[in-house]
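Taking it in order: structure first as C-alpha cells, then the write-up.
Derivation of every value follows stated rules applied to the coordinates shown; laboratory data play no part. In this text the structure is predicted, and so the values were computed from the model without any measurement. Note: ideal-geometry Cβ built from the backbone for every residue, glycine included; neighbour counts use all protein chains shown.
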Amino acid sequence: MKRLHVTIPLDAPDNLVSLLTDDCQNYEIVKLKGALTNVIYKLSIRDSSGTSTSYLVRIFGAKLESLVDRVEEFNNITRVPPVVGYVNVLYVFDNGRVEYFLEGFKSVSAKQMVQQNVYRVLAQKFKALHCLVSITDKEIAHHRDGMCWYKLGQWIEIIENINGGEWIDSRDHQNVTEILLCRDWATFKKTVLNYKNWLLEEDAESFQQMKFCHNDAQQGNILLDSKTKDDDIPNLNLIDYEYSGVNAIQFDLANFLTECMHDYEIDESYKCHGEQYPSKEKVLDFLYHYSTHLHHGDSKGEASIVKLYNSVLKWRAASQLFWSVWAILQSGQLEAASAKIEAHVPDKGSNRVTSSDDPNEEVFDYMGFCNEKLSYFWGDMIKFNLASKEDCIVSKVRYLDTEFI
C-alpha cells in the first residue's frame, strides 16, 4: 500500500490518473451507486499495450470527521480473511483510497438479502470473521463494552455538548420529541443507560465473548457475483470496514437482520419496513448456519441456537439506536459546530450516504432515517419493560416480535 499526499475533489477522481500510471492512452470514469459511506468511482485505465486495469476509487465525505478512525479502519482491512472479503488497497490519499475493482460483483438487492441461499452463506462469512481474526487484550480494554457502546457514548456526548446542547434545546425541544420520539432528553439518556445495564445483567455472556465484527452489513456492503442464479450457492464479498472492531457478535448479527427492513435503492430509502424483518424461522435458519460453521468448541446443538436467538433479539434495539444517533451527526444539523467535533476526536472522517451537487440526485433523509429506526427502538424498549409508553411519543412507536423461545 502506497501513500499519496494529495487531496482529491469529490467530483474529480481523474486527478488520480497521472499518479497511478505513467502509461495512459485513455481512461474512463463511472460514478457508482450503492455506497452508503463514500463517493465511489470505477476508474479504468488503458495502457499503450491495450491492457485495461480497473480501480475502485473511494473519496471520503467531508462531514463530521468524528465517526470513523481511518487509521484503525486500514489496520482492520488488513486483518480480514480472504474467505470473508477481498479488499486490496493499493493507494491511500489524504481523503480516500484506491483499490482493485472487483469485476462482476454488485451490491445485493433488498430481495436478495432475505434469500435463503444468500443469508446462509452470509451467516458463514460472519462466523469466519468472528472466529478467524484474533483480537488483542488492548483492543478489548479499549472497547470494554464493545465498539457500539463506546461510539454511542462518544456520539451522545457530542450531541449533548455541542454549542451548549443547542440541538437538544432548539425549537422548544421539538428535536427531542419529533426526531427522538422521546418526552425529553433526560428520559432518552436514562432509557439508553437502562437498556445497556439490562444487557450487561441479562446477557452478560455476550460482553465476555467479544469478537472482531463488521458491524455494518447492509446492502451496499454485501457484494454478490452477478453470475449467481437464484438457486446457486452465491459468491459473496463483505466489504467496507469503517465501523469494524471489537464488539458483541449479537450486535453484528442483529444489525444484518434489521438491515433487511431497508431498501436503499428505492425512493424514500430512509424508511424501515417492519414487514420485511425476517421471520422467526428464517432467523433460526440463519443462526443455525452461523453456529454450525467452523465449529470451534462452541455448542452447535438446538439449545445453543435458541440461546443465540434470544440474545440477538435482546441486542436488536442496540443496532437501531446506534444508527439513529449516527444519523443525527450525519444530518448536517450539527455542522455549525463541526470544528469542535473535529477537535474532540481528531484524525477521523466519514460520510455514510453520498451527497452530490447534482440537483437530480436524491438527498438522503438522515432525520427521517433516525426517526424510523427509533420508532422500532422504542417498541423493543416497551416490550422489554425498559420504558413506559409515557416516556415516548407512543403514537409513533412500532413493534417487532420480541417473544423469546
Residue span residue 388 to residue 111: 0.36 nm per residue of separation minus Cα-Cα distance leaves a gain in nm of 96.2 nm
Let's test the formula: R0 of 25 Å, r as the Cβ-Cβ distance of residue 302 and residue 230. What FRET efficiency results, to the nearest 0.05?
0.30
Can you put 24, 392 in order, fewest other beta carbons within 10 Å first?
24, 392
Per-q log10 I(q)/I(0), region 105-396, q = 0.14 Å⁻¹ (Debye; single scatterer per alpha-carbon; no solvent):
-1.12
Contact order relative to length for the chain, counting C-alpha pairs under 8 Å separated by 6 or more residues, stands in percent at 23 percent
Can you order the peptides 151-158, 270-277 by their average number of other Cβ atoms within 10 Å per residue, highest first?
151-158, 270-277
Which whole-Hz ³J(HN,Hα) couplings does region 40-48 yield from phi under the Karplus relation 6.51 cos²θ - 1.76 cosθ + 1.60, θ = phi - 60°, glycine and proline marked x?
10, 9, 9, 10, 10, 10, 9, 8, 5
Sequence-distant or interchain residues sharing an amide H contact under 5 Å with residue 270, placed H: which?
365
Output wanted: per-residue J couplings in Hz (rounded whole) for region 197-203, from phi through Karplus 6.51 cos²θ - 1.76 cosθ + 1.60, θ = phi - 60°, x for Gly and Pro.
5, 5, 4, 4, 8, 7, 9
Inter-site label distance for residue 173 and residue 88 at 7 Å from Cα along Cβ, in nm
5.7 nm
Could you check the spin-label model distance between residue 136 and residue 399? Points 7 Å from the Cα along Cα→Cβ, value in nm.
4.8 nm
Nearest-0.05 FRET efficiency for residue 144 and residue 265, computed from C-beta distance (R0 30 Å):
0.20
Under 21 Å from the Cα of residue 42, which lysines turn up, not counting those fewer than eight places away in the same chain?
2, 31, 33, 106, 227
Roughly speaking, what is the stretch gain from residue 161 to residue 11, that is 0.36 nm per residue apart minus the C-alpha to C-alpha distance, in nm to one decimal?
50.6 nm
What residues qualify as long-range amide H neighbours of residue 86, i.e. H under 5 Å apart, gap of 5 or more or another chain, H built at 1.01 Å from N?
238
Please compare each pair in 271/389; 125/151; 189/271; 190/373; 111/151 to a cut-off of 29 Å on the Cα-Cα distance and tell me which ones are over it.
111/151
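Starting from 0.36 nm per residue, how many nanometres of slack lie between residue 280 and residue 22 once their C-alpha separation is accounted for?
Full extension from residue 280 to residue 22 adds 87.3 nm.
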Which residue, 332, 301, 387, has the largest displacement toward the positive end of the dipole of the chain when charges sit on each Cβ (Lys, Arg +1; Asp, Glu -1)?
301
